[in-house]
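Worksheet: the structure to be examined is printed underneath.
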Amino acid sequence: MPRRIILAKPGLDGHDRGAKIVARALRDAGHEVIYTGLRQTPESIVATAIQEDADAIGLSVLSGAHLSLFARVLSLLSEQKAVDIVIFGGGIIPNDDVDRLREIGVAKIFTPGTSTQEIVNWVEGNVGCRVIDDDKRFRERNSVNC
Amino acid sequence: MSTADPLVNALTAGVLAGEIPAIARSISLVERGDDRVRALLSTLHPSAGRAHVIGVTGPAGSGKSTLVAALTTALRDVGRSVGIIAVDPSSSYTGGALLGDRIRMLRHSGDSAVFMRSMATRGAIGGLARAALDGVTILDAAGKDTIILETVGVGQSEVDVMSVAQSVAVVSVPDLGDSVQALKAGLLEIADVHVVNKSDREGADRTVKDLLEMLRLHHRAAGQWNVPILKTVATDGTGVDVFRDALDQHRAWMQANGELKRRDRRLSVARVKWAFADLAERRLRAVPEAEFEAVIDRVLARKIDPYTAAREFQVAHSV
């Protein structure tokens, strides 16, 4: 079952080559990728993820504003009761900040030098598909393979 | 109407109230082809049928997504709520897809009256039609005034999702090779509105002329809809209000002429046929693998032909 993944670049960061490479790698691994492009607001990223019923959101941030941007996305997801969407990301993020991001709920940060295969493997092992057993569990995701 | 299934009931209530998460999850359910789909769609079906369903199709590079985004703005300007289903092909090799239409729609992301869903074809052509059409039912039941179905058209009217839209807009663009010849014959015939996008480019008037010529060759009887050929520049909105108005005029014309009833009837025929094919396919998929493979072995060994094999399954498994 293909995962549905939003790839987004929040904030004022114009370098999208990395995000596009990840998008293609995920597509080549059989997943459905919705690339939302540059200069997105956290509000628009979350609204998109909910309409597209995304399994995960990958944020690419090279501008240094990662702490506030990731935090804002997570807070909006919590407000919209969509905390089952897995958040991951990449970019120019110092190690200390990687830890802080993990603490606030970001599942994984991929720093420069990560291979696309590593990213694909992680997504397939850690991003589940919506469980369709009953209404309550419909809000959850199966954390193992689909 | 409620069912015994609490999930279906919860989703139905949410869709009818226009709630975005319920709409999104219902569309996921229809994409998964889950058994509950039938219960969900049967409870939503009576509430659908109000919306104007518009198909927008055309070759890659024609600016369809930008045009759909601009049309959405024009519709919002006159107070209509809009649902959009944008279909992109899945790679037949990897099964994955880059769903790239959303990137043009971002100006609408803060507007709760606009709901957009990107859909991958996921292989089977018939499968696409069902998921996209079921998505239309959901958006219709959710109260959207206008629903836009955006695809790369292939012009095969049997399976083409364009054959089930109420109004079909075909988009072309100047200088895309021999752009009018590039429009497959099927696409030309199903168009209710022709749009030449990127019409600020050189060659736009020639493209309009070529379309006019081809339309003249396809004789339309008196009393039939006069297919307009419009020029737009989707990136700055030029001509898009006229496009919106032409679609409204088409709808009004269909309502006045009984054509809307004919198209809705044709759509219902298509959906029942596809639902039947879906049932048969499911039964076939339920045949135990060993048994299925054994029959394939016999076909390969030329002991029986494929039709006889299919008939055997039908008899044995009441397909």
Expressed as a whole percent, how much of the Cα-Cα distance distribution for region B:5-156 exceeds 18 Å? 56
10 Å-binned pair-distance histogram of region B:183-319 (Cα, whole percent): 10, 24, 20, 14, 16, 16, 1
Sorted by chain and then number, the residues having a modelled amide H within less than 5 Å of the amide H of B:W225, at least 5 places away or on another chain, are none
Residue-normalised 222 nm signal for the protein assembly as shown, counting each DSSP H run of n ≥ 4 as -39,500 (n - 2.57), nearest 500 deg cm²/dmol, is -14500 deg cm²/dmol
Compactness ratio of chain B: Cα Rg over 2.2 N^0.38 Å, N = residue count? 1.08
Tally Lys/Arg at +1 and Asp/Glu at -1 over every other residue whose Cβ is under 12 Å from the Cβ of B:A294; what's the total? -3
Return the long-range amide H neighbours of B:V196 (sequence gap of 5 or more, or a different chain), with a cut-off of under 5 Å between placed amide H atoms. B:S172, B:L230, B:K231, B:T232
Just checking the output field for B:105-111: average partner chain Cβ neighbours within 10 Å of each residue's Cβ? 4
Partner chain Cβ atoms within 10 Å, averaged over the residues of B:6-14 - can you pull that number for me? 2
Using the Karplus curve 6.51 cos²θ - 1.76 cosθ + 1.60 with θ = phi - 60°, work out ³J(HN,Hα) for each residue of region B:200-213 in order, rounded to whole Hz, and write x for Gly and Pro. 7, 7, 5, x, 4, 5, 5, 4, 4, 4, 4, 5, 4, 4
Kirkwood Rh, angstrom, chain A [1 / mean 1/r, Cα pairs]: 15.1
Mind listing the long-range amide H neighbours of B:I84? Cut-off is under 5 Å, sequence gap 5 or more, other chains count too, H placed in the peptide plane at 1.01 Å from N. B:F115, B:M116, B:R117, B:I148
Env charge @ B:G237, Cβ radius under 15 Å, K,R +1 / D,E -1, value +1
For the protein assembly as shown, max minus min Cα coordinate along each principal axis, in Å, sorted largest first? 74, 62, 48
Return the distance in nm (one decimal) between the two label points of a simple spin-label model at B:T235 and B:A294, each offset 7 Å from Cα along Cα→Cβ. 6.4
Which whole-number percentage describes the relative contact order of chain B, with Cα contacts under 8 Å and a sequence gap of 6 or more? 18
Using a 7 Å offset from the Cα along the Cα-to-Cβ direction at both A:I104 and A:A71, what is the distance between the two label points in nm, to one decimal? 0.5
For peptides B:17-25, B:56-64, A:69-77, sequence by mean Cβ density within 10 Å, most packed first: B:56-64, A:69-77, B:17-25
Averaged across A:25-37, how many Cβ atoms of other chains sit within 10 Å of each residue's Cβ atom? 6
Among B:A256, B:A113, B:A270, which one shows the biggest mean-square fluctuation in a GNM of chain B, springs joining Cα atoms closer than 10 Å? B:A256
In range of the label at B:N257: residues from region B:193-219 whose backbone nitrogen is under 16 Å from the point 7 Å along Cα→Cβ: B:193-194, B:215-216, B:218-219
Hey, rough spin-label estimate for B:D34 and A:N126, points 7 angstrom out along Cα→Cβ, what's it come to in nanometres? 2.6
Compare the Cα positions of A:I85, A:Y35, A:V61 along the charge dipole of region A:30-95 (+1 at Cβ of Lys, Arg; -1 at Cβ of Asp, Glu; about the Cα centre) and return the one farthest towards the positive end. A:V61
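Throughout, read-outs are computed from the coordinates displayed, never taken from laboratory work. These numbers come from a predicted model, not from an experiment. Counting neighbours? That spans all protein chains shown, and the Cβs are built from the backbone with ideal geometry, glycine included.
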